[in-house]
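For reference, the structure discussed in these notes is given below.
Bear in mind these aren't lab numbers, they're just calculated from the coordinates by the rules spelled out. Here the structure is a predicted model, which means the values were calculated and not measured. Cβ sites come from the backbone with ideal geometry, for glycine too, and all protein chains shown count toward neighbours.
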Amino acid sequence: MADSDLQVVEKPVADVEKPVAPIEKPIYEFGSFVDEGSDDDCKGSDSRCIKLISKTKDKFIIRRDHAIQSETIKAMLSGPGMFAETEVNEVKFREIDSQILEEVCKYLAYKLKYHESHEPIPDFPIHLGIVLDLLMAANFLAC
């Protein structure tokens, strides 16, 4: 190939990074996550809430319809006595940190809200410092 065959092509200037569309933040507050319900709301097989417990023993009480967006949690809660979680509606995650579990809870609410949406779905914002841990948790939870 001769030098005369080469062309200098200018790369287009990258568009200015588009801002992430804000998502409606759930009512959850870190450490309590109980604005959705209380411990009493987690009792019984048809309870409206599920309690998720992180490795640091922080409790996150979320709505059942949010929780079952995770295939893993859904299987734990729906099996006929297969898992102890079926009886107490409480799932303990010995390997998931509170910060990661909080983001998982937010994502489960986001997933339920937008899973059948016909409108453009906004990006789910994720802090870069937790991406790998969040990916591993999402993989385990199948959500």
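Numbers at a glance
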| read-out | value |
| --- | --- |
| Fully extended contour minus Cα-Cα distance, from residue 46 to residue 123, at 0.36 nm per residue | 24.5 nm |
| Kirkwood Rh, Cα atoms: Rg over Rh of segment 87-143 | 1.01 |
| Order of 60, 93, 124 under a 10 Å beta carbon neighbour criterion, fewest first | 124, 93, 60 |
| Residues 118, 66, 127 arranged by fewest to most Cβ contacts within 10 Å | 118, 127, 66 |
